[in-house]
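Visitor: Quick one: this structure, given as structure tokens, is what I'll be asking you about.
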Amino acid sequence: MSHVALLGDSIFDNGLYVPRGSSLIEQLRTRLPRWKGTLVAVDGAVASSILRQIPRLPADATHLVISAGGNDALENSGILRDMELRAPAAFQELADVQDQFQKNYREMLREVLVLRKPTTVCTIYDSIPEMPRALLAALSIFNDVILREAARHGLPVLDLRVLCDEARDYSAISPIEPSEIGGVKIVQGIIEIVTAHDFASGRCVVYGKS
């Protein structure tokens, strides 16, 4: 039996944010009944946290999907918010933040890819309601790292920026988390990749809306 395991943060571990709906992992299991689905992701995880999730991967997992980077961006949100006030120094700090995230993301991917399982990565969505436009724009430095590393390793990418582009895709309890509707979109994207992508090709393909 094929088995998809989800690593990362609350994009996948979103049960707390859809109290009257289905969590993302529940949706995945329902919509992919002939597959096993395991949630390894933990709300609040950053890229480096996934190193601690790897040992908890099921031995029979055949496909991995990673969502990481959003909390790394949140940890540095103070720097991003005051960029307008002190632009020169802020841009230098922004470059330092990107360098550190790249280091963490590369280390995380290196450890995951050692497992030699079909792996997918996700971008960080950037249509979060009521989040300042400047902060949303600054997420591009994290997404740039994710896309570059995916291209470097020939990994498919689930582009959450394209999938979750409406206010209803985000939880009313915590707008940085996916709602049940957003979860449906993400699950559909995961299913498309794990069932149709040619992982043996070593090609980086970006998946958005079908």
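The values are calculated or read from the model by the stated rules, or taken from the named source; none is laboratory data. Because the structure is predicted, anything quoted here is derived from the model rather than measured. Cβ placement follows ideal geometry from the backbone for every residue including glycine, while neighbour counts extend to all protein chains displayed.
Visitor: Pull up segment 1-40, narrow it to residues that are in contact with a Leu (Cβ under 9 Å, 6 or more places away or on another chain) and within 23 Å of V97 (Cα to Cα), then point me to the one that is surrounded by the most Cβ atoms within 10 Å (Cβ to Cβ).
Guide: I11
Visitor: Six or more apart or on different chains, Cβ atoms under 9 Å: show the pairs whose first residue is in segment 1-27 and closer than 17 Å to G189 by Cβ and in a strand (DSSP E or B) and whose second is modelled with pLDDT of 95 or more and among the aromatic types (F, W, Y).
Guide: The qualifying pairs are V4/W35; L6/F12.
Visitor: For the condition under 16 Å from the mean Cα position of the chain (by Cα), under 20 Å from S22 (Cα atoms) and of a type in the set (V, I, T), what is the one hit in V187, V145?
Guide: Only one candidate qualifies: V187.
Visitor: Next up: Looking at segment 170-183, which of its residues are part of a helix (DSSP H, G or I) and more than 15 Å from the chain's Cα centre (by Cα)?
Guide: E180, I181
Visitor: Also, quick follow-up: Could you identify the single residue in A47, A68, A73 that is closer than 26 Å to L16 by Cβ, touching a strand residue (DSSP E or B) at 6+ places or on another chain (Cβ under 6 Å) and of a type in the set (A, V, I, L, M)?
Guide: Checking each option against the conditions leaves just A68.
Visitor: I would also like to ask the following. Taking interchain pairs and intrachain pairs at least six residues apart, which have beta carbon atoms under 7 angstrom, with the first residue in segment 191-202 and in contact (Cβ under 8 Å) with a residue 60 or more places away in the chain and the second among the basic types (K, R) and assigned to a helix (DSSP H, G or I)?
Guide: I191/R31
Visitor: Select from segment 121-160 the residues that are surrounded by 21 or more Cβ atoms within 10 Å (Cβ to Cβ), under 16 Å from D99 (Cβ atoms) and not aliphatic (A, V, I, L, M) and list them in ascending order.
Guide: Residue satisfying the conditions is F142 alone.
Visitor: May I ask you to list the residues in segment 96-122 that are assigned to a loop (DSSP other than H, G, I, E, B) and free of Cβ contacts under 8 Å to residues at least 40 places away in the same chain?
Guide: V114, R116
Visitor: Another one. Among (1) part of a helix (DSSP H, G or I); (2) over 21 Å from Q53 (Cα atoms); (3) among the hydroxyl-bearing types (S, T, Y), there is one condition Y125 misses while meeting the rest; what is its number?
Guide: The failed condition is (1).
Visitor: OK, next. Where residues in segment 197-210 are closer than 17 Å to K117 by Cβ and not in a loop (DSSP other than H, G, I, E, B), which of them is nearest to the chain's Cα centre (by Cα)?
Guide: Only one residue tops the list, namely F199.
Visitor: Restricting attention to segment 99-120, which residues are surrounded by fewer than 17 Cβ atoms within 10 Å (Cβ to Cβ) and in contact with a helix residue (DSSP H, G or I) (Cβ under 8 Å, 6 or more places away or on another chain)?
Guide: The answer is R106, E107, E111, L113, L115.
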